[in-house]
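J.: Before anything else, here's the structure in question.
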Amino acid sequence: MTVIRHREDSFDAPLEMVAEGVRRVLAERPQYRNTREVEKNTLFKTNIKPSWWLAGTSLTIKLQAVSGGAKVMAETKSQIFIFGDVFDYYNGYLCDFLEDLRAQIVITK
């Protein structure tokens, strides 16, 4: 069984600026590994491994242009042998990513 968590956030910034913020967050934080931009400015995939003793978790980030800004949809998907998220780590990963992204966008503006 796989554990999947999803979170969305809207940003009052152009899609290109949000995409650049995603690139910076994923490049500057050591917990993100094997990052790749699948579709320019709209789809990123990475693996989040915040410590050596935790199993890595797939993180997919999708960006969508909306009027007045951009929408970010982030989803974690655990490895198949993970049966639950008792400590709510996956929601924490999503919250941390979106907070880091929001801070990055504010710095860039």
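J.: Consider ASP85 against the criteria (1) in a loop (DSSP other than H, G, I, E, B); (2) loosely packed, with under 14 Cβ neighbours inside 10 Å: it satisfies all of them except one. Which criterion is unmet?
T.: (2)
J.: Identify, please: which residue in region 90-109 is crowded, with 19+ Cβ neighbours inside 10 Å and under 20 Å from THR2 (Cα atoms) and is, among those, modelled with the lowest pLDDT?
T.: TYR90
J.: If you go through region 9-30, how many residues are among the basic types (Lys, Arg) and without any contact (Cβ under 8 Å) to a residue 40 or more places away in the chain?
T.: 1
J.: Right, next: Which of the residues belonging to region 67-82 are within 19 Å of THR35 (Cα to Cα), assigned to a strand (DSSP E or B), open to solvent by 20 Å² or more (accessible area, probe 1.4 Å) and out of contact with any His (no Cβ under 8 Å at 6 or more places or on another chain)?
T.: The answer is LYS77, and nothing else.
J.: Return the residues of region 31-50 that are part of a loop (DSSP other than H, G, I, E, B) and either farther than 18 Å from ARG102 by Cα or touching a Lys or Arg at 6+ places or on another chain (Cβ under 9 Å) (or both); say none if nothing qualifies.
T.: GLN31, LYS40, THR42, LYS49, PRO50
J.: Among the residues of region 1-23, write down those that are farther than 17 Å from LYS71 by Cα, open to solvent by 60 Å² or more (accessible area, probe 1.4 Å) and out of contact with any strand residue (DSSP E or B) (no Cβ under 7 Å at 6 or more places or on another chain).
T.: MET1
J.: Can I ask one more? Scan region 51-66 and give yes if some residue there is assigned to a strand (DSSP E or B), within 17 Å of VAL3 (Cα to Cα) and charged (D, E, K, R), otherwise no.
T.: Within region 51-66, none of the residues are assigned to a strand (DSSP E or B), within 17 Å of VAL3 (Cα to Cα) and charged (D, E, K, R).
The values are calculated or read from the model by the stated rules, or taken from the named source; none is laboratory data. Owing to the predicted nature of the structure, the values given are computational and were not obtained by experimental measurement. Cβ sites come from the backbone with ideal geometry, for glycine too, and all protein chains shown count toward neighbours. Each accessible area value is taken on the protein alone, full model and side chains, heavy atoms only, with ligands, DNA and RNA left out. Shrake-Rupley method; radii C 1.70, N 1.55, O 1.52, S 1.80 Å.
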